[in-house]
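What follows is calculated from the coordinates using simple rules that are stated; it is not laboratory data. Owing to the predicted nature of the structure, the values given are computational and were not obtained by experimental measurement. Cβ: placed from backbone, ideal geometry, glycine included. Neighbour counts: every protein chain shown.
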Amino acid sequence: MNQLNDRPTYLPITHWAESDRPREKLRDKGKLALSDAELLAILIGSGTVSVSAVELAKQILSKASNSLNDLARFSMKDLQQFKGIGEAKAITIMSALELGRRRKESEPAKRVQITSSKDAYDLLLPHLLDLHHEEFWVIFLNKANVVIKPERMSFGGVSGTVADPKLIFKRALEEVASGIILAHNHPSGNLKPSPADIHITQKMKEGGKFLDISVLDHLIFTNQGYYSFADDGSL
């Protein structure tokens, strides 16, 4: 057998300019710079002795009329008809396409805007209702007072919990929050703020001024209702 005939008739990806290789191209230029074939080639990983992973991806897409929707209908058997696609690679391709389908079907999370203390109370209701111990929560907000996320910062016993301002502001900075709403529950049902509640509220308000993070309210939560420092003019 003529050994020359056994040599690859294409230039392997490893011999391409680094900026043209799919993985490096995604790393350096971002995912939008890649074609469907190049993205599929990353999933495939490697080609055969005669075609690169990109060429193999082009063959598969051509068989699917260059439609990702049509490709998603391919069975494992369909994919394994292509030389260079074994069971593992077929499973990888099918898994990636299924993730894309599920993402398309899933609805984006509803963006909740806080316009009143009642909005904040309703948001925390599922988290703090019927608790027999105290928890301290913070709602992180963007500039438009849209909720980035609510997060429990501490929990304790029946009579109290400790909130660490340093930890709260650290999380606010990590979430790039412009404002925060403090909240904790009173399992006793007492809506009157304690001296400790008043102290932590003022301490947080002063700390927020230095970081340009507004402390918009502090709620004392009970099953029957709530007390708002902001509504009471105590903030």
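Is there a quick way to get the dipole size of the chain? I mean about its Cα centre, with the Cβ of Lys and Arg at +1 and of Asp and Glu at -1; what is the value in debye to the nearest 20? Walk me through the numbers on the way to the answer.
Working: 30 positive and 29 negative charges, 153 e Å.
In total the dipole reaches around 740 debye.
Can you give the angle from 0 to 90° between the axis of helix 87-105 and the longest principal axis of the chain, with both taken from C-alpha atoms, to the nearest 10?
40 degrees
Relative contact order for the chain: what is it in percent, counting Cα pairs under 8 Å that are at least 6 residues apart? Mind dumping the intermediate values first?
Values: 311 pairs, mean separation 28.9, N = 235.
Computed value for the chain: 12 percent relative contact order.
In whole Hz and in residue order, list the ³J(HN,Hα) couplings for the range 110-116 that follow from phi through the Karplus curve 6.51 cos²θ - 1.76 cosθ + 1.60, θ = phi - 60°; x for Gly and Pro.
Coupling constants for the range 110-116: 5, 8, 9, 9, 8, 10, 7 Hz.
Please report, in whole Å, how far the alpha carbons of the chain spread along each principal axis, starting with the longest.
The principal-axis extents, from largest down, are 92, 36, 30 Å.
So what is the 222 nm mean residue ellipticity for the chain from helices alone, if each DSSP H run of at least 4 adds -39500 (n - 2.57) and you divide by all residues, rounding to the nearest 500 deg cm²/dmol?
Numbers: 9 runs with 94 residues, N = 235.
That comes out to -12000 deg cm²/dmol.
Would you pull out the residues with amide H under 5 Å of PHE74's amide H, same chain only if 5 or more places away, H placed 1.01 Å from N?
The list, which skips near neighbours in sequence, is empty: none.
Just to confirm my numbers, what's the Cα centroid distance between the range 168-207 and the range 55-108 in Å?
So the separation of the two Cα centres works out to 50 Å.
Explain nothing, just compute: Karplus ³J(HN,Hα) = 6.51 cos²θ - 1.76 cosθ + 1.60, θ = phi - 60°, for every residue of the range 50-65 in order, whole Hz, x for Gly and Pro.
Result, rounded to whole Hz: 10, 9, 7, 4, 5, 5, 5, 4, 4, 4, 5, 5, 4, 5, 9, 6.
Using Cα pairs under 8 angstrom and six or more residues apart, how large is the relative contact order of the range 185-233, in percent? Could the numbers behind the result be given before it?
Numbers: 41 pairs, mean separation 21.4, N = 49.
Over the range 185-233, the number comes to 44 percent.
What residues qualify as long-range amide H neighbours of ASN185, i.e. H under 5 Å apart, gap of 5 or more or another chain, H built at 1.01 Å from N?
Distant-sequence amide H within range of ASN185: GLU135, PHE221.
Output the pairs from LYS29/LYS83; LYS170/LYS205; LYS31/LYS104 with a Cα-Cα distance over 21 Å in this structure; if there are none, say none. Don't skip to the end; give the middle numbers.
On the way: LYS29/LYS83 30 Å; LYS170/LYS205 15 Å; LYS31/LYS104 18 Å.
In this structure, LYS29/LYS83 exceed 21 Å between Cα atoms.
Amide H to amide H, which residues 5 or more places from ILE148 or on other chains are under 5 Å from it, using H placed in the peptide plane?
Hits under the 5 Å cutoff: PHE140, LEU141, ASN142.
Evaluated at 25 °C with a viscosity of 0.890 mPa s, what Stokes-Einstein diffusion coefficient in µm²/s does the range 117-228 have when Rh comes from the Kirkwood expression over alpha-carbon pairs?
On the way: Rh = 13.8 Å.
The Stokes-Einstein estimate is 177 µm²/s.
Step through the residues of the range 176-186 one at a time and calculate ³J(HN,Hα) from phi using the Karplus curve (6.51 cos²θ - 1.76 cosθ + 1.60, θ = phi - 60°), rounding each to whole Hz and writing x for Gly and Pro.
6, 7, 9, x, 9, 10, 8, 7, 8, 9, 10
Give me the extension gain from LYS29 to LEU211: residue separation times 0.36 nm, minus the current Cα-Cα distance, reported in nm with one decimal. Please report the intermediate quantities before stating the final value.
Details: separation 182, 0.36 × 182 = 65.52 nm, distance 3.43 nm.
Residue separation times 0.36 nm, minus the Cα-Cα distance, leaves 62.1 nm.
Starting from 0.36 nm per residue, how many nanometres of slack lie between ILE91 and ARG171 once their C-alpha separation is accounted for? Mind dumping the intermediate values first?
Working: separation 80, 0.36 × 80 = 28.80 nm, distance 3.92 nm.
Length gained between ILE91 and ARG171: 24.9 nm.
Using R₀ = 45 Å, calculate the FRET efficiency as 1/(1 + (r/R₀)^6) where r is the Cβ-Cβ separation of ASN223 and ALA72; round to 0.05.
Working: r = 48 Å, r/R0 = 1.07.
The computed FRET efficiency comes out at 0.40.
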